[in-house]
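Read-outs: derived from the displayed coordinates by stated rules, not from any lab. Quantities reported herein were computed from a predicted structural model and do not represent experimental measurements. Glycine gets a Cβ as well: all are built from the backbone with ideal geometry, and neighbour counts include every protein chain shown.
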Number of protein chains: 2
Amino acid sequence: MIKINDKRRLEKYILNHRINEIFDNDIKCFMELFYFKRNEYICKEGEDVPYLFFFVEGKVKIYITMSNGKSLLICFYDDFRIIGDMEMMSVKPATNNVQAIQDTYCIGISMETARKYLLNDVKFLRFMCGSLGDKLDKCSNNCSINLLYPLENRLASYILATGQKLNCNGKSVIKINENLKEISELLGTSYRHLIRTFNILIEKGGIIKNNGGYEVADEEILKKLSADLYK
Amino acid sequence: MIKINDKRRLEKYILNHRINEIFDNDIKCFMELFYFKRNEYICKEGEDVPYLFFFVEGKVKIYITMSNGKSLLICFYDDFRIIGDMEMMSVKPATNNVQAIQDTYCIGISMETARKYLLNDVKFLRFMCGSLGDKLDKCSNNCSINLLYPLENRLASYILATGQKLNCNGKSVIKINENLKEISELLGTSYRHLIRTFNILIEKGGIIKNNGGYEVADEEILKKLSADLYK
DNA sequence: ATTTTAATATGACATATGTCATACCTAATT
DNA sequence: AATTAGGTATGACATATGTCATATTAAAAT
């Protein structure tokens, strides 16, 4: 996490996402811009979250770890969202992990400041209720999909959501650059079955193997297979 | 849904659940007490919710129906909770179904009144943020459990959560009185597999068949099998 | 009384997924 | 060079779950 001292850029994000409009009070002066490198954690389960964040650019994944050590993907954010909302209200440590899967920018307001000014800001509280409601709605929807669709569909969706676009000799290639064991845990399946399902996607022409890694071969095929999960 | 004109009872609920303490304004005068018979709907997907409800006694189940017609259990409420919170914020119709599975009492405030007074009530908005945060936390947790445990465990939990306690010749018996097809849908499984799993629970001594219906034979066995789901 | 319908139940088989043993490769360690 | 460890890959088999055909029973409709 690196603080970016770029007033212009901060202003740009505030304008683009109309962040000023969600507060009664002008608290622009308390806002700081932060950069998270790909793979870096924005918050970790069990740890205090030092800032209330407004996610403004990049992509993050949210996952939970269970008491038996297994972890499971909850969802992705790739559009404007609040991070740290639950922690702000409950003064409890985070219950989920939030990890950047692309270089990511967040606007942060320190938790003390946020609690001091925003817990009395009607406009913001309303916004937060709406935001939490949205999250809850998406969560219950994803939950259903997880239970009702086999891994093949969820994996296709996961690849499209997390695959890294790279330029490879002029061609744009989407690669799966993550540890396969971790992917299997996030998708709530076994390593064995994950590999099996990768092979099925290869058979169906959605992906290919290259240099010991997987790459997207046909985005359309994957799109058809992915049933709007993790949206 | 029947309006109960019993000031005393209403007062009792307000006191017990400290409902007055979650508002800055005294809005007791707008509160009405409602009774829902077992199996009755408190809200239905796609329909407007006419009241903001405070669930105070009984038990309800929340489930979602998917575009392909399948439905899936989200959770149960058997403790003080808000119903209609998301609808109040977003002025959208309900996205979930809420159905009483026991005789249930809710305190209701008409949506107009709620929007008029409560959208400016800081204390209430804070409470609502906390409440939505709790729901989100539980949802993501249940979601994980659903994916990580087989039906046997989920069914055991479901039976304990929804089984009806009846007095049968002096003995207390817990019966499963619901339509089995519906149960299978709520648990996100096939009818065939549900029956199979009932039979497994019979083999393990957790339940027995009686008069063509299933009954709990050994609560402890079921408790061990149910991994804290739907709590 | 007969027919129809809905709910319950089961066998047979197919598919989805988990577990375990093991093998291979590469990078790090000794 | 030999050893170790982590990540990747696969076969064999077991378990979990889905699909389909079909039987049975009880309640509802005619």
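Overview of values
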| item | result |
| --- | --- |
| Most fluctuating residue given options A:ALA217, A:ALA161, A:ALA100, as computed from a GNM of chain A linking Cα atoms under 10 Å | A:ALA217 |
| Distance in nm between pseudo-label sites at A:GLU203 and A:SER90 (7 Å out along the Cβ direction from Cα) | 4.3 nm |
| Local electrostatic count at A:PRO93 - Lys and Arg +1, Asp and Glu -1, tallied over other residues with Cβ under 11 Å | -2 |
| Theoretical FRET efficiency, 1/(1+(r/R0)^6), r = Cβ-Cβ of A:SER110 and B:SER172, R0 45 Å, to 0.05 | 0.25 |
| The range B:135-216 - percent relative contact order, Cα under 8 Å, separation 6 or more | 25 percent |
| Least to most buried among B:SER144, B:SER71, A:SER190 (fewest other Cβ within 10 Å first) | A:SER190, B:SER71, B:SER144 |
| Gap separating the Cα centres of the range A:174-231 and the range A:42-109, nearest whole Å | 24 Å |
| Convex hull volume of chain B per residue (C-alpha atoms, cubic angstrom) | 137 Å³ |
| Residue with peak Gaussian network fluctuation, chain B [Cα springs, cutoff 10 Å], from B:PRO150, B:PRO93, B:PRO50 | B:PRO150 |
| Calculated label separations, B:ILE221, copies of the chain, 7 Å along the beta-carbon direction, nm | 4.9 |
| B:ILE195-B:LYS37 FRET efficiency (beta carbon distance; Förster radius 35 Å; 0.05 resolution) | 0.75 |
| Prolate/oblate/rounded label for the range A:1-129 (Cα gyration tensor, a/c 1.5) | oblate |
| Förster-model FRET efficiency, 41 Å R0, B:ASP6 and A:ASN20, C-beta, rounded to 0.05 | 0.25 |
| Relative contact order, percent, the range B:19-154 [alpha-carbon distance under 8 Å, six or more residues apart] | 34 percent |
| Helical mean residue ellipticity (222 nm; -39500 (n - 2.57) per DSSP H run of 4+; nearest 500) of chain A | -11000 deg cm²/dmol |
| Percent breakdown of C-alpha pair distances by 10 Å bin, ordered from the shortest bin, for the range A:150-225 | 20, 58, 20, 2 |
| Student exercise, the range A:2-146 dipole from Lys, Arg, Asp, Glu Cβ charges, in Debye to nearest 20 | 200 debye |
| Within the range B:92-114, backbone nitrogen closer than 12 Å to the virtual label 7 Å beyond the Cα of B:LYS44 toward Cβ | B:97-98 |
| Over the range B:74-231, relative contact order from alpha-carbon pairs under 8 Å, at least 6 apart, % | 25 percent |
| Spherically averaged projected area of the protein assembly as shown from its Cα convex hull (nm²) | 25.2 nm² |
| Loop-located GluC sites (Glu not before Pro) in the range A:7-95 whose Cβ has at most 12 other Cβ within 10 Å (DSSP) | A:GLU47 |
| Highest-MSF residue in chain B out of B:LEU166, B:LEU194, B:LEU125 [GNM, Cα springs under 10 Å] | B:LEU166 |
| Flagged links, alpha-carbon separation over 32 Å, of B:LYS61/B:LYS171; A:LYS61/B:LYS175; A:LYS138/B:LYS204; A:LYS204/B:LYS135; A:LYS92/B:LYS175 | A:LYS61/B:LYS175; A:LYS138/B:LYS204; A:LYS204/B:LYS135; A:LYS92/B:LYS175 |
| Size of electric dipole in the range B:98-231: Cβ of Lys, Arg +1 and of Asp, Glu -1, about Cα centre, debye, nearest 20 | 100 debye |
